[in-house]
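A.B. asks: Here you go, one structure.
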Amino acid sequence: MSAPSRSVATPAPLDSDTPTVAWDASAYRALARAADGDVAAVREAARAAAARERAAGLTPAASPFALWPLLAEAFVPPDDDAPRKRRTTATKSTARTAAKTEDVVPAAERRAIVARLALAACAAHCAPETPAPQPVRDEDDERPVAAPLPVSIDDPETLLVQITGGKLPTTLAAWNGYLLSVAAELGADPTPARAQRLSGPLDHVRERAAFAEGEFGDEMQDAIVAAYDAAANEWDDATTVGERQDRVAGGAEGLVRAVLAGRAARAEQLGAVGAERAAAHIATACAPGIALWREVVSEVVRGDVELEGAAWRRTLWTLQLAFTVGGAPRVLVTADPIVRDAAARAGVDDRVRGGDA
């Protein structure tokens, strides 16, 4: 599916050898919630985090896979938003009969507000240190000044194809540029009015996000099935469900093979030359990511993680980013507890951290 017609700047991702720090959508959401609706405060906090990261030798950079799920939540179509209700709560004032009436913002709109603030945080966090010069305009020209694109890195799927020596689809770069352009515009003005003006692009982003989430989820489900299949001849009919779960969850080699097979199949679908060849490259370049995914699959098999709901869909985006930390000199910052805990168990919590680096 191609992006709607829209004039966008072509992104120039940082060189793959540049030490970078990338925040996922959950980390930007956490910063947005802490700001409690204050755009200036969220930008100040993001710039302060960026300064600390640069002092540590890391360049803050935006991943398209952090922007994509935020953009998907940034606008609520009228049909998806429940009518506003009003609630009345008694106060403890001397006039006990008085009531306090306040608007109740629907959940979807609350998510949209946080998403827009998160995009403002990302724009400030990953702003170029030397912004590109703006064209000189006549003082009567009322067109808005174009927002600079954030400093960016390649998306995880581009990196996956690069690692496996495949041919990059041109559509990946075009889509990344589209996401960066829309995110820059909304990050510069995270208001409902700007989101409304961008409703066409945001609708398209949301549709594609839902499709991508389905593919991410299918790959994880396939890895779980493959792990069970690999262990099937190790038990008999008397083996209980719990015993089977424990055996599969504890079988590190089987879990690694299942994860690697799924990643290789995805790479082949995207442009790699053969799944077997792709698997060999991925095993060498992405060992930290494989170990982290192995731990997540293990937790799912044990029944400690449910593969449904909005929280799981958000985790799937973070998992895509986390898988690539071994393929580039990169630190991932995330507020996702499933991914953080998996990183600790896998011994890669120096690459996947909570809080700013």
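A.B. asks: Which one is most open to solvent (accessible area, probe 1.4 Å), of the residues in region 329-357 that are in a strand (DSSP E or B) and either over 15 Å from Ala61 (Cβ atoms) or in contact with a Phe, Trp or Tyr (Cβ under 7 Å, 6 or more places away or on another chain) (or both)?
C.D. replies: Here is the first cut: in region 329-357, the residues in a strand (DSSP E or B) are 330-333, 352-353.
Restricting the remaining residues to those that are either over 15 Å from Ala61 (Cβ atoms) or in contact with a Phe, Trp or Tyr (Cβ under 7 Å, 6 or more places away or on another chain) (or both) gives 333, 352-353.
Working: Val333: 3, Val352: 4, Arg353: 80 Å².
The qualifying residue most open to solvent (accessible area, probe 1.4 Å) is Arg353.
A.B. asks: Starting from region 300-311, take each residue that is in contact (Cβ under 8 Å) with a residue 60 or more places away in the chain and list its partners that are exposed (fewer than 13 other Cβ atoms within 10 Å of the Cβ) and not polar (S, T, N, Q), counting only C-beta distances under 9 angstrom and pairs at least six apart or across chains.
C.D. replies: So the pair list comes out as Val300/Glu306.
A.B. asks: Being hydroxyl-bearing (Ser, Thr, Tyr) and surrounded by fewer than 24 Cβ atoms within 10 Å (Cβ to Cβ) is the filter here; which residues of region 40-81 pass it? Even if it seems obvious, please write down each step before you answer.
C.D. replies: Just the residues of region 40-81 that are hydroxyl-bearing (Ser, Thr, Tyr), to begin with: 59, 63.
Within region 40-81, Thr59 is the sole residue that qualifies.
A.B. asks: Right, here's the next one. Scan region 155-202 residue by residue and report those that are more than 30 Å from Ala264 (Cβ to Cβ), open to solvent by less than 50 Å² (accessible area, probe 1.4 Å), assigned to a helix (DSSP H, G or I) and not hydroxyl-bearing (Ser, Thr, Tyr).
C.D. replies: Within region 155-202, Val182, Ala183, Ala184, Leu186, Gly187, Arg194, Ala195, Gly200, Pro201, Leu202 qualify.
A.B. asks: Just give me the residues in region 311-328 being open to solvent by 10 Å² or more (accessible area, probe 1.4 Å) and farther than 18 Å from Ile282 by Cβ, in sequence order.
C.D. replies: Across region 311-328, the qualifying residues are Ala311, Trp312, Arg313, Arg314.
A.B. asks: Could I ask something else about it? Quick one: count up the residues across region 31-79 that are outside any loop (DSSP other than H, G, I, E, B) and either small (Gly, Ala, Ser) or touching a Ser or Thr at 6+ places or on another chain (Cβ under 6 Å) (or both). Give the derivation first.
C.D. replies: Pass one, region 31-79, residues outside any loop (DSSP other than H, G, I, E, B): 31-35, 39-55, 59-60, 62, 64-73, 78-79.
Next, only the ones that are either small (Gly, Ala, Ser) or touching a Ser or Thr at 6+ places or on another chain (Cβ under 6 Å) (or both) stay: 32, 34-35, 40-41, 45-46, 48-51, 55, 59, 62, 66, 72.
The total comes to 16.
A.B. asks: Name every residue in region 30-50 that is more than 9 Å from His125 (Cα to Cα) and of a type in the set (Gly, Ala, Ser), in order of residue number.
C.D. replies: Within region 30-50, Ala30, Ala32, Ala34, Ala35, Gly37, Ala40, Ala41 qualify.
A.B. asks: Being closer than 30 Å to Leu58 by Cβ, out of contact with any Pro (no Cβ under 6 Å at 6 or more places or on another chain) and either among the aromatic types (Phe, Trp, Tyr) or in contact (Cβ under 8 Å) with a residue 24 or more places away in the chain (or both) is the requirement here; does Gln162 meet it?
C.D. replies: Working: closer than 30 Å to Leu58 by Cβ: yes; out of contact with any Pro (no Cβ under 6 Å at 6 or more places or on another chain): yes; either among the aromatic types (Phe, Trp, Tyr) or in contact (Cβ under 8 Å) with a residue 24 or more places away in the chain (or both): yes.
Considered against the rule, which asks whether it is closer than 30 Å to Leu58 by Cβ, out of contact with any Pro (no Cβ under 6 Å at 6 or more places or on another chain) and either among the aromatic types (Phe, Trp, Tyr) or in contact (Cβ under 8 Å) with a residue 24 or more places away in the chain (or both), Gln162 comes out as yes.
A.B. asks: Take the conditions modelled with pLDDT of 90 or more and under 24 Å from Gly214 (Cβ atoms) and apply them to Arg351. Does it pass?
C.D. replies: no
A.B. asks: Here's a follow-up. Working carefully through the options Ala212, Ala223, Ala272, find the one that is buried (at least 17 other Cβ atoms within 10 Å of the Cβ), in contact (Cβ under 8 Å) with a residue 60 or more places away in the chain and part of a loop (DSSP other than H, G, I, E, B). Even if it seems obvious, please write down each step before you answer.
C.D. replies: On the way: Ala212 fails: part of a loop (DSSP other than H, G, I, E, B); Ala223 fails: part of a loop (DSSP other than H, G, I, E, B).
Unique residue meeting the criteria: Ala272.
A.B. asks: Right, next: What are the residue pairs meeting all of these: first residue in region 316-338, first residue under 21 Å from Thr164 (Cβ atoms), second residue of a type in the set (Lys, Arg), Cβ atoms under 8 Å, and 6 or more apart or on different chains?
C.D. replies: Cβ pairs passing all conditions: Phe323/Arg263; Thr324/Arg330; Val325/Arg351; Gly326/Arg351; Arg330/Arg351; Leu332/Arg351; Leu332/Arg353.
A.B. asks: Only residues that are open to solvent by 50 Å² or more (accessible area, probe 1.4 Å), of a type outside the set (Gly, Ala, Ser) and within 24 Å of the chain's Cα centre (by Cα): list them for region 231-269, please.
C.D. replies: Glu268, Gln269
A.B. asks: I want to confirm something. Restricting to region 273-329 and keeping residues that are of a type in the set (D, E, K, R) and more than 20 Å from Val248 (Cα to Cα), which single residue is modelled with the lowest pLDDT? So that I can check it myself, show each step before the final result.
C.D. replies: Step one: filter region 273-329 for residues of a type in the set (D, E, K, R), giving 276-277, 294-295, 299, 302, 304, 306, 308, 313-314.
Applying the additional criterion that residues be more than 20 Å from Val248 (Cα to Cα) yields 276-277, 308, 313-314.
Details: Glu276: 90, Arg277: 92, Glu308: 87, Arg313: 95, Arg314: 96.
The qualifying residue modelled with the lowest pLDDT is Glu308.
The values are calculated or read from the model by the stated rules, or taken from the named source; none is laboratory data. In this text the structure is predicted, and so the values were computed from the model without any measurement. Positions of Cβ are backbone-derived with ideal geometry, glycine not excepted, and every protein chain shown enters the neighbour counts. For the accessible areas, the whole protein counts, side chains as well, though only heavy atoms, and no ligand, DNA or RNA atoms are used. Shrake-Rupley method; radii C 1.70, N 1.55, O 1.52, S 1.80 Å.
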